[in-house]
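Enquirer: Sharing a structure with you now.
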Amino acid sequence: MYTKQDFNFTTLGRTLILGFSYQHDERSLHFIQVLWTALTKQFNKQLEDSTTTFNSINLFFKEDFQIEQIKPTVLKTIDVLDFKKTNPTKLWKLPVCTNEQYTVDVHDFFNGDIQRINAYIDRFLSLEFHLVFYGFLPGFPYLGGLPIEMAIPRKATPSRITQKGSVAIGGDQVGIYPQDSPGGWNVIGNCPIPLMDFTKSSPNRIEPADRIQFFKISTAEYSEVLAAIENNTDHPYINPYPHD
Amino acid sequence: MIEVIDAGFYSSIQDQGRVGYRHLGVPISGAMDQKAFDLAHQLLGKTSDFSCIECTLIGPILRFHEPCSLVLTGAHMQAWVNESPIQNNISIAILPGDVLKLRRATKGLRTYIKINQAIISPVVLGSTSFYKPLTQDAVLKKGNHIFWIKSEKVINKSNARIRWDDSYLLSNDLAVEKGPEFNTLSIAARQQIFQKDFLINSQNRMGYRISSPFSMDAVPMLSGAVRPGTVQITPSGTLLIAGVDGQVSGGYPRIFQLTEEGLNVLVQKKEGDTISFKSLDTLPQKEL
């Protein structure tokens, strides 16, 4: 949890960076979300955009600003933040295929030791992650919640193509590639459903601080889902619904 | 309608950009050179639409099937309407059948073609700016047809009172503010970085790569916010300057932020050009 002493102020041109140390617990994540919302509301007309990362809230101002003029308002917003009146976060269950063809990197990491690979994947599937923020690529979610002992370092040389849908591990962060892209993270499975629809004005359903759990699907189910998306037909896995 | 006879090296439709979607990881896109983009709109008078064609290095050859006015801003390219050479920053009347031919850039890198009509192009998240895979295409292609909304009232205002200054196309000085991680540079490098010239290795709309001798120990840090003009340094000393299609977050130390003026200078530079960084504090004050 945070108090106003935990925040520092820097700038990047017309962007105010409100820095803090990352704490991966649900209450802290939630606090940052509530503060982000409050600041966005507070500076509404002056802002072009705002984002969060693991350790910052970033306010993109339309015009030049003086940090000394903004700072008192930010500190006051933190002081009076009504943190208790918040809704519980949602839980999303996402399908993932961990067939061998989608877990090559984890196989490499454990030198093909099937027992250790399976134990790792089983533990991964038992975990509950939190969406911390979107970044890197349009619709790329950064998930927190991988225990540090499960961390796998980024590849020394990034892969030329990490496949769309790849669920991947970079250090103790987890991400899902929304498109084919060069990538240095270790792929542990493939999630066939898109998390965002950019043809909509609100493309995302999963919000920062929401919880995410993966469940295993077979290669046959994986192909069914892809075919359903391709043919624009329905499939129970395509539109995940939130659990409380 | 505009028929693309030859698309040139890298031509795309760009407008004001996708403002307000960075929190979903969506870059702002839009025109790389905001100064030239704004000037084009000022010169043609008010239009309801901001879409224009951004051309890079070698411009396109376009046949116009309907009348309109157009203006070229930004980089100076070899340019003709039919066989007559034309100049930047002047409104030009186009008749049906006219062919606009842009070839090699002679000063700067990116030229903007703006017509006084509202271009029709698919809108994704409030913007027509090409950015794959959000939009189907990254660039215009030979044979493309660009349509526009026929408006009865064509504002054909050649605004002679607008003053413009293209001297930035010849500048190599990038005005910068120090970034949040400037002090990760060694004390010696903090001085030297303002004294040296740097060579541009490669560039595209995502950003510029520039090599420097300032290799450093890897600084473990979590990804932070990046905006167009943010300068990050990799452990091997490569300077990465984000463009408008660049990632919205990055994990290398952010040593500088280019000013808007500095960014406009940079985006007109090509591979092989040199640049230098000028601290805002040491630049002569602008006349007010």
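The values are calculated or read from the model by the stated rules, or taken from the named source; none is laboratory data. All of these numbers come straight from a predicted model, not from anything done at the bench. Neighbour counts are summed over all protein chains in view; Cβ atoms, including those assigned to glycine, are modelled from backbone coordinates with ideal geometry.
Enquirer: Could you list, in sequence order, the residues of the stretch B:9-46 that are assigned to a helix (DSSP H, G or I), among the aliphatic types (A, V, I, L, M) and in contact with a helix residue (DSSP H, G or I) (Cβ under 8 Å, 6 or more places away or on another chain)? Give the derivation first.
Expert: If we filter the stretch B:9-46 for residues that are assigned to a helix (DSSP H, G or I), which is where we start, we get B:22-24, B:34-44.
Filter again for among the aliphatic types (A, V, I, L, M), leaving B:24, B:36, B:39-40, B:43-44.
If the condition is that a residue be assigned to a helix (DSSP H, G or I), among the aliphatic types (A, V, I, L, M) and in contact with a helix residue (DSSP H, G or I) (Cβ under 8 Å, 6 or more places away or on another chain), then B:36 is the only one that fits.
Results for (1) in contact (Cβ under 8 Å) with a residue 40 or more places away in the chain; (2) within 13 Å of chain A (Cβ to nearest Cβ); (3) touching a strand residue (DSSP E or B) at 6+ places or on another chain (Cβ under 7 Å); (4) among the small types (Gly, Ala, Ser), shown as yes or no for each residue.
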{"site": "B:242", "(1), (2), (3), (4)": "no, yes, yes, yes"}
{"site": "B:248", "(1), (2), (3), (4)": "yes, yes, yes, no"}
{"site": "B:261", "(1), (2), (3), (4)": "yes, yes, yes, no"}
{"site": "B:267", "(1), (2), (3), (4)": "yes, no, yes, no"}
{"site": "B:275", "(1), (2), (3), (4)": "yes, no, yes, no"}
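Enquirer: Of all residues in the stretch B:114-131, which are assigned to a loop (DSSP other than H, G, I, E, B) and away from chain A (no Cβ under 11 Å)?
Expert: Hits for the stretch B:114-131 are B:116, B:117, B:121, B:128, B:129, B:130.
Enquirer: Working carefully through the options A:37, A:52, A:11, find the one that is surrounded by 12 or more Cβ atoms within 10 Å (Cβ to Cβ), among the polar types (S, T, N, Q), touching a strand residue (DSSP E or B) at 6+ places or on another chain (Cβ under 6 Å) and within 14 Å of another protein chain (Cβ to nearest Cβ).
Expert: Going through A:37, A:52, A:11 in turn, just one is surrounded by 12 or more Cβ atoms within 10 Å (Cβ to Cβ), among the polar types (S, T, N, Q), touching a strand residue (DSSP E or B) at 6+ places or on another chain (Cβ under 6 Å) and within 14 Å of another protein chain (Cβ to nearest Cβ): A:52.
Enquirer: Looking at residue A:182, is it within 14 Å of chain B (Cβ to nearest Cβ) and within 30 Å of residue A:111 (Cβ to Cβ)?
Expert: When the stated conditions are applied, residue A:182 passes them.
Enquirer: Going through A:152, A:161, A:193 one at a time, which residue ends up being within 26 Å of residue A:90 (Cβ to Cβ) and among the β-branched types (Val, Ile, Thr)? Quick ask: steps written out before the conclusion?
Expert: Values: A:152 fails: within 26 Å of residue A:90 (Cβ to Cβ); A:161 fails: within 26 Å of residue A:90 (Cβ to Cβ).
Exactly one residue qualifies, and that residue is A:193.
Enquirer: Continuing with the same structure: Which fully enclosed helices (runs of 4 or more DSSP H) of the stretch A:66-142 have 3 or more residues being farther than 29 Å from residue A:4 by Cβ and assigned by TED's automatic domain parsing to the domain that holds residue A:226?
Expert: Of the helices (runs of 4 or more DSSP H) lying wholly inside the stretch A:66-142, those with at least 3 residues that are farther than 29 Å from residue A:4 by Cβ and assigned by TED's automatic domain parsing to the domain that holds residue A:226 span A:104-109, A:114-126.
Enquirer: If you don't mind, there's one more thing I want to ask. Which one is surrounded by the fewest Cβ atoms within 10 Å (Cβ to Cβ), of the residues in the stretch A:143-160 that are in contact (Cβ under 8 Å) with a residue 40 or more places away in the chain and assigned to a loop (DSSP other than H, G, I, E, B)?
Expert: A:155
Enquirer: For the stretch A:217-244, enumerate the residues that are among the charged types (D, E, K, R), out of contact with any Pro (no Cβ under 8 Å at 6 or more places or on another chain) and outside any helix (DSSP H, G or I).
Expert: A:234
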